[in-house]
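Only one structure is covered here, and it is reproduced in the block below.
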Amino acid sequence: GVRMPDFLLVNDDDLAYAKIRIDERSLAAVQAAPTGFTDSLPQALVLGAMWDMTRDAQLPAPDFVRFVLECLPAEKDSTLVRVLLSQVESATRFYTSPAHRPELAALVAHRLRALAESAEPGSDAQLQFVTAFAGWARSVEDLDLVEGLLEGSRELPGLAVDTEMRWTLLTSLAVGGRANEERIDAERRRDDTA
C-alpha cells in the first residue's frame, strides 16, 4: 500500500490562516531533525505550531524549549530569533513545572552562552544571544563571563559593550547578587544620560 510521509506541512506557503496541530508521528519526525527545513518559512510555521501546542498544553514546555535551542544556531531571521528567545523564556519560566524549572533554566543558559560565543562577530545574532544569555546567567562561571565582559577583562570579538550593553550586563550581575547599589550608582554616574 501507499505509505504517507512522516510529515506533511499544511499551508506550506502561509497563504491563508490555519492553526496547525502536528500529529504524534510527524512531531517525532520534526523533533528528530531540528534543522531539517531548508527554507525559513516552513521552519517558522512548524515552530509556530509547536508554540501553539505548548500554550495549549499539547506539547510539554521543556520539549519545545529543547527543540528551539537546537534550531537557533541555524536560524538567520533576526525577528524570528527574537520571537523564539521570548517564547523560550515564557515556556521555561511560566509553562514548566517548578520542580523542573531550575534544570531547564540551566540548560537554556548553557546553550545561549554557547550561541553567544560562537555567533558571527558583530552580528545581530551575537547581540541577541549575548543579551539573552545575560538574562539567564546564574552560575559562577556564567556570572564571571558577564562580569568580565562588563569590566573589559573578557571579550567576544565584534561585541560592542556600549552603554545599553553595559546596563544589560550590570542588570545580570545585580540579579546574580554581584552588583550592589554602590556599583549601580557608579554606572549611573559613568554615563548620566537618559
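The values are calculated or read from the model by the stated rules, or taken from the named source; none is laboratory data. Note that this is a predicted model, so its numbers are computed, not measured. Cβ atoms come from the backbone with ideal geometry, glycine included; neighbour counts cover every protein chain shown. Remember, those area values only see protein heavy atoms, side chains included, never the ligands or the DNA or RNA. Shrake-Rupley method; radii C 1.70, N 1.55, O 1.52, S 1.80 Å.
One table, with the values for the structure above:
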{"read-out": "Near pairs, Cβ below 8 angstrom, 6+ apart or cross-chain, from region 32-43 (free of Cβ contacts under 8 Å to residues at least 24 places away in the same chain) to any residue that is not hydroxyl-bearing (Ser, Thr, Tyr)", "value": "Gly36/Val30; Phe37/Gln43; Phe37/Val46"}
{"read-out": "Selection from region 152-174 of residues that are in contact with a helix residue (DSSP H, G or I) (Cβ under 9 Å, 6 or more places away or on another chain), open to solvent by 50 Å² or more (accessible area, probe 1.4 Å), free of Cβ contacts under 8 Å to residues at least 12 places away in the same chain and farther than 17 Å from Phe129 by Cα", "value": "Ser153"}
{"read-out": "Unmet criterion (only one of (1) touching a Ser or Thr at 6+ places or on another chain (Cβ under 7 Å); (2) modelled with pLDDT of 95 or more; (3) open to solvent by 10 Å² or more (accessible area, probe 1.4 Å)) for Val65", "value": "(3)"}
{"read-out": "Filter result for Glu120 (outside any helix (DSSP H, G or I), of a type in the set (Asp, Glu) and at pLDDT 95 or above)", "value": "yes"}
{"read-out": "Of the criteria (1) open to solvent by 80 Å² or more (accessible area, probe 1.4 Å); (2) farther than 26 Å from Leu145 by Cβ; (3) among the acidic types (Asp, Glu), which one Asp77 fails", "value": "(1)"}
{"read-out": "Residue selected from region 102-118 under the condition without any contact (Cβ under 8 Å) to a residue 12 or more places away in the chain and in contact with a Pro (Cβ under 9 Å, 6 or more places away or on another chain), by the criterion least open to solvent (accessible area, probe 1.4 Å)", "value": "Ala114"}
{"read-out": "Condition check for Trp136: open to solvent by 70 Å² or more (accessible area, probe 1.4 Å) and under 29 Å from Leu80 (Cβ atoms)", "value": "no"}
{"read-out": "Residue check for Leu156: farther than 25 Å from Ala61 by Cα and not charged (D, E, K, R)", "value": "yes"}
{"read-out": "Single condition Ser97 does not satisfy, out of (1) modelled with pLDDT of 95 or more; (2) out of contact with any helix residue (DSSP H, G or I) (no Cβ under 7 Å at 6 or more places or on another chain); (3) not in a loop (DSSP other than H, G, I, E, B)", "value": "(3)"}
{"read-out": "Positions within region 24-44 being open to solvent by less than 30 Å² (accessible area, probe 1.4 Å) and over 13 Å from Leu84 (Cβ atoms), in sequence order", "value": "Ser26, Leu27, Val30, Pro42"}
{"read-out": "Qualifying residues in region 30-60 (those that are outside any helix (DSSP H, G or I) and polar (S, T, N, Q)) - the one nearest to Ala91 (Cα to Cα)", "value": "Gln58"}
{"read-out": "Unique residue being closer than 19 Å to Ser172 by Cβ, free of Cβ contacts under 8 Å to residues at least 40 places away in the same chain and either among the charged types (D, E, K, R) or in a helix (DSSP H, G or I) (or both) when the list is Leu127, Leu84", "value": "Leu127"}
